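Here is the structure we will look at, set down as structure tokens.
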Amino acid sequence: MSTAGKVLVVLILLASFAWIALAAGVDQLSRNGNAALAKAADDLAKAQEALAQAKTDMIHLKDQTTVRQEAGDQQIAVLLSRQNDAERASSSLKDVVNALQYQLETAQATIKEAEQSRQQRSTEKEEEIKALADTRAEVESLMAKNTELTARLQSLRTEFKKTFDSNVDMVASSRR
């Protein structure tokens, strides 16, 4: 037999073993699936019975809850009515207190603004007095400087006139 034939026989033999193993696995899965299916059917039947009992219990519990809620609602309505009466009385008192507090705050704000205005006017007066004194001192300084500069101007004019006259005389005498 040739080598290719030997290899082919070995491959066919291995494929046969693989098919046998796969067929055994499929059979085992089928058995496990049927057992799980039977167990699931039993669990479904038990769950349906428990569901029916739970529905009955829930209806009974809802009835009890409704009765208790109605009793609670009546008590709440009575308490809310009493609370509203108390709030009305409290509201009228708060209105009076708020009006008085507003008047007090307005008076305090007016007093505070008047005090600030008085302080500001006092500060402005002091600043104006200081500015007036500074301005007067500056005016006196400028007047003294003006007098000095006017005297200097006068002396420079006199000197200029003398120099000019002297130059005119020198020019006239040099032309002769």
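In the set Ala50, Ala109, Ala40, Ala23, which member is open to solvent by less than 90 Å² (accessible area, probe 1.4 Å) and under 45 Å from the mean Cα position of the chain (by Cα)?
Ala109
Just to be sure, is Glu115 in a helix (DSSP H, G or I), open to solvent by 100 Å² or more (accessible area, probe 1.4 Å) and out of contact with any Gly (no Cβ under 8 Å at 6 or more places or on another chain)?
Taking the combined requirement at face value, the residue does not satisfy it.
Tell me whether segment 16-34 contains one or more residues that are modelled with pLDDT of 90 or more and basic (Lys, Arg).
No - not one qualifying residue is present in segment 16-34.
The values are calculated or read from the model by the stated rules, or taken from the named source; none is laboratory data. Predicted model only: the values in this text are computed from it and were never measured. Note that we place each Cβ from the backbone using ideal geometry, even for glycine, and neighbour counts take in every protein chain shown. Accessible surface areas use protein heavy atoms only, side chains included; no ligands, DNA or RNA. Shrake-Rupley method; radii C 1.70, N 1.55, O 1.52, S 1.80 Å.
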